[in-house]
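Asks: What follows is a single structure, and I will ask about it in a moment.
The values are calculated or read from the model by the stated rules, or taken from the named source; none is laboratory data. Predicted model, so just to flag it, every value in this text is computed and none were measured. Using ideal geometry, Cβ is built from the backbone for each residue, glycine included, and neighbour counts are taken over all protein chains shown. Please note that ligands, DNA and RNA were not included when accessible areas were found on the heavy atoms of the full protein model with its side chains. Shrake-Rupley method; radii C 1.70, N 1.55, O 1.52, S 1.80 Å.
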Amino acid sequence: MELATLIKSVWSYSPAARVLLITFMAVTLLTHIAGIQQTPFFIWGMYSEKYSQQNEYHYYRVVADGKLVNPFSTMYHPARHLLYRSLQDWEKMHRLEGGDILLDYMENKVPDVSWQEKAWFMAGLNSRDEFMAYPEWFKRYLGRVTGTAPHHISVYRVTVTGSHGAYIEIASVKLFDI
Amino acid sequence: MMAYSTTDTQLMIRRTVLLAVAVSLIYRFIAVSYPHQMEEPLLTSPGLDLFYWFWILTGMAELMTATVYGYIHMAALWILLIIAWFRPFQGIWFGLIALFFLTFMVNYNLYSGHHTHCAWGIFLATLALAATRPVAFGISWSALRLYACYLYGSAFLWKLFRGSLWHSEQARTVLEVNLAHYMHLHPDTLLTQVYEFLLVYSIVLFLLYCLAMAIECVFLAGFFTRRWDGILFFVPILLHSGTYFMADVMFFEMLVLNLAFIPARYWASAAKKIDQLNTLLHAKANHTSG
């Protein structure tokens, strides 16, 4: 019984080891119950939420100096993630007219607390200036990743529909050009 | 446990993990994701994770991405790797590598809009090597093995308790959400044709999804016996290859945890073969110079 053997070994090793073990188990249990990860007590629940069937799918199209940027052939996952996933957050902020997503979440989740009056909380959020400056950063980082600094970029949110792998574009909304 | 604690076995394990760290760091450099390469990103997403809040509120996030400290941090990480290679039985270097790697990845995750988990295997493996005394190392390396079992096993249990395990649309929707962009951009590639086949004959996709769940579930056996460690070493390779193709997620760095499933006798045998090779090479070098 591997787990039992390990626990016995840790328990008999030293008081510090016992504290570490109890802390790890307690924090892991609490964070799992709360469903809120606290690094470095990781929760491995990715893709465990149910995905409902969808008729439409969205992605971001980036056009740099008139040419379509193909993220699958021009960048590795970490760069693609940094660009396109942060763009998703920017778009959510855009819908909140430059407001921070976490502030909006906390004001809805715990409405009795005046979150905007808590200086320490507001200090950790994204400002409107940062929201406004994001497109410039996006262009700069895109240039770094592709190796060519673009003069002009346009970013669109594309909606496609279809099934069995065959998709047609039904909408394309420009998010910004710079 | 103590079988892992012999000098030769420990040395093999330590240097193999260091090589894995080096591969991860080289990959992330090529992928333009070092702090100084990120071009001073702006939007952070700490979520409700206190470590990320600590990172922002102490000013470390800005220090790392907007000042020369970003260069210093990564240079220090590489220097620590080199020191640890030549001083493999000094645990402090591995502890520092774990800390520097953790903060490097927290910084990346903070600006990327999502707290990715793909590199945490590297952090955990180096942290486990901070223990150097034979008994402590034996416990630590076994704990890493059990952590890997917990990682994959809890992934299975989360899906079980949240109901996605039984959800017939799960595999199909995950594939389409993640890969509609690829398929729309590349309608004629072989890969898109494979995806189309899987979406048309979705029973095949569902069976692959069940296989992935079975792989995760099998890790629960690792809490009770080491008899299945041979299987547990190989199946994450299948799992992460599958999720790479079916969900566009890159988790290869997690494969460092597979090292914890290799029995001690294989490490000892590899150490012996490397010793023999070294002896042979030295003998040839002496013969040539003589």
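Asks: Give me the distance between the Cα centres of the range B:1-50 and the range A:108-178, rounded to whole Å.
Replies: 28
Asks: With labels modelled as points extended 7 Å from the Cα through the Cβ direction, what inter-label distance (nm, one decimal) is found for residue B:162 paired with residue A:110?
Replies: So the two model labels end up 2.3 nm from each other.
Asks: Under 8 Å for C-alpha pairs, at least 6 residues apart: give me the relative contact order for the range B:225-283, rounded to a whole percent.
Replies: Values: 23 pairs, mean separation 21.0, N = 59.
Reported as a whole number, the value is 36 percent.
Asks: Using a 1.4 angstrom probe and counting only protein chains, how large is the accessible area of residue B:7 in Å², to 10?
Replies: Counting only protein heavy atoms, residue B:7 exposes about 90 Å² to solvent.
Asks: Moving on. Going by accessible area, probe 1.4 Å, with all protein chains left in place, what is the ranking of B:26, B:139, largest first? Can you show the working numbers first?
Replies: Values: B:26 85, B:139 20 Å².
Ranked from most to least accessible, the order is B:26, B:139.
Asks: Could you tell me what percent of the accessible area of the range A:14-171 is made up of carbon and sulfur, with a 1.4 Å probe and every protein chain present? Numbers along the way, then the final one.
Replies: Working: 4770 of 8420 Å².
That fraction is 57 percent.
Asks: I want to verify a result. In a Gaussian network model of chain A, Cα cutoff 10 Å, which of these has the top mean-square fluctuation: A:27, A:69, A:110?
Replies: Looking only at A:27, A:69, A:110, the largest GNM fluctuation is found for A:27.
Asks: Let me ask you something else. Which value results for Rg/Rh of the protein assembly as shown when Rg is the Cα radius of gyration and Rh the Kirkwood radius based on the inverse mean 1/r?
Replies: On the way: Rg = 23.9 Å, Rh = 24.3 Å.
Rounded to two decimals, Rg over Rh is 0.98.
Asks: Can you give the average number of partner chain beta-carbon atoms within 10 Å of each beta-carbon in peptide B:178-189, as a whole number?
Replies: 6
Asks: Same structure again: Evaluate E = 1/(1 + (r/R0)^6) for residue A:18 and residue A:74, where r is the Cβ-Cβ distance and R0 equals 45 Å; express this FRET efficiency to the nearest 0.05.
Replies: Taking R0 as 45 Å, the efficiency between residue A:18 and residue A:74 is 0.30.
Asks: OK, next. Would you mind calculating the relative contact order of the range B:65-146 from Cα pairs under 8 angstrom and at least 6 residues apart, reporting the percent as a whole number? Could the numbers behind the result be given before it?
Replies: Values: 61 pairs, mean separation 22.8, N = 82.
It rounds to 28 percent for the range B:65-146.
Asks: Another one. At 1.4 Å probe size, with every protein chain present, just tell me what the per residue accessible area of the range B:152-233 comes to in Å².
Replies: 48
Asks: With heavy atoms of protein chains only and a 1.4 Å probe, what residues of the range A:1-15 have at least 20 Å² less accessible area in the full set of chains than alone?
Replies: A:1, A:2, A:3, A:6, A:9, A:13
Asks: If R₀ is 35 angstrom, what is the calculated FRET efficiency for the pair residue B:284 and residue B:78, using the beta carbon separation as r and rounding to 0.05?
Replies: 0.65
Asks: Amide H of residue A:167 versus every other amide H placed in the peptide plane: which residues, excluding those fewer than 5 positions away on the same chain, fall under 5 Å?
Replies: The answer is none.
Asks: Please list the three semi-axes, largest first and in whole Å, of the ellipsoid equivalent to the range B:1-145, using sqrt of 5 times the eigenvalues of its alpha carbon gyration tensor.
Replies: So the equivalent ellipsoid measures 30, 16, 12 Å along its semi-axes.
Asks: Also: Mind giving me the nanometre distance, one decimal, between the label points for residue A:171 and residue A:119, set 7 Å out from Cα along Cα→Cβ?
Replies: It works out to 4.3 nm between the two label points.
Asks: With the contact rule set at Cα under 8 Å and sequence spacing of 6 or more, what percent relative contact order holds for chain A? Mind showing how you got there, number by number?
Replies: Working: 158 pairs, mean separation 40.3, N = 178.
After rounding, I find 23 percent.
Asks: By accessible area of protein heavy atoms, probe 1.4 Å, what ranking do B:213, B:1 get, highest first?
Replies: B:1, B:213
Asks: In addition: Using a Gaussian network model of chain A with C-alpha springs under 10 Å, which one of A:143, A:124, A:35 is most mobile by mean-square fluctuation?
Replies: With Cα springs under 10 Å in chain A, the top fluctuation among A:143, A:124, A:35 is at A:35.
Asks: So what's the gap between the Cα centers of the range B:218-290 and the range A:2-40, to the nearest angstrom?
Replies: 27
Asks: Additional query: Could you give me D for chain B, from Stokes-Einstein at 4 °C and 1.567 mPa s, where the hydrodynamic radius is the Kirkwood radius over C-alpha pairs? Units µm² s⁻¹, please.
Replies: Approximately 61 µm²/s, per Stokes-Einstein.
Asks: Related question: Please compute the per residue accessible area over the range A:58-178 with all protein chains in place, 1.4 Å probe, rounded to a whole number of Å².
Replies: In whole numbers, the range A:58-178 has 52 Å² accessible per residue.
Asks: Same structure, new question: Could you give the accessible area per residue of the range B:1-83, probe 1.4 Å, as a whole number in Å²?
Replies: It amounts to 41 Å² per residue over the range B:1-83.
Asks: Okay, moving on. Over the range B:186-290, what per residue volume does the convex hull of the Cα atoms give, in whole Å³?
Replies: 155
Asks: Sorted from largest down, give the three principal axis spans of the alpha carbons of chain A, whole angstrom values.
Replies: Cα spread of chain A along its principal axes, largest to smallest: 67, 46, 37 Å.
Asks: Tell me, which residues of the range A:38-62 get at least 40 Å² less accessible area when the other protein chains come in, versus the chain alone (1.4 Å probe)?
Replies: Listed by number, the residues meeting the 40 Å² cut-off are A:38, A:39, A:42, A:44, A:46, A:47, A:48, A:50, A:51, A:53, A:57, A:59.
Asks: While we're looking at this one, here's another question. Determine ³J(HN,Hα), in whole Hz, for all residues of the range A:72-82 in sequence, where each value follows from phi through the Karplus function 6.51 cos²θ - 1.76 cosθ + 1.60 and θ = phi - 60°; x replaces Gly and Pro.
Replies: Result, ordered by residue: 6, 10, 10, 8, 7, 3, x, 6, 4, 5, 4 Hz.
Asks: If I take R0 = 22 Å and measure r between the Cβ atoms of residue B:189 and residue A:63 in this structure, what FRET efficiency does the formula 1/(1 + (r/R0)^6) give, to the nearest 0.05?
Replies: So, using R0 = 22 Å, E works out to roughly 0.55.
Asks: At a 1.4 Å probe radius, carbon and sulfur cover how many percent of the accessible area of the range B:37-182?
Replies: Numbers: 3640 of 5090 Å².
Here it works out to 72 percent.
Asks: At a probe size of 1.4 Å, how large is the accessible area of residue A:129, to the nearest 10 Å²?
Replies: 120
Asks: With n ≥ 4 as the cut-off for DSSP H runs, can you work out [θ] at 222 nm for chain B, using -39500 (n - 2.57) per run divided by the number of residues, rounded to the nearest 500?
Replies: Using -39500 (n - 2.57) per qualifying helix, the result is -24000 deg cm²/dmol.
Asks: Evaluate peptide B:156-169: per residue, the Cβ atoms of other protein chains within 10 Å of its Cβ; return the mean as an integer.
Replies: Values: counts 2, 4, 9, 6, 1, 2, 6, 3, 6, 2, 1, 5, 1, 5.
Mean partner shielding for this stretch: 4.
Asks: Rounded to the nearest 100 Å², what is the buried accessible area between B and A, both sides summed, probe 1.4 Å? Present the calculation step by step, with values, prior to reporting the outcome.
Replies: Values: alone 16260 and 13390 Å², together 22390 Å².
Result for this pair: about 7300 Å² buried.
Asks: Still on this structure, I have one more. Any idea how many Lys pairs in the protein assembly as shown come in under 28 angstrom at the alpha carbon, given 8 or more places apart or on separate chains?
Replies: Lysine pair count for the protein assembly as shown: 16.
Asks: When only the heavy atoms of the protein chains count and the probe is 1.4 Å, how do A:140, B:226 rank by accessible area, highest first?
Replies: Listed by decreasing accessible area, they come as A:140, B:226.
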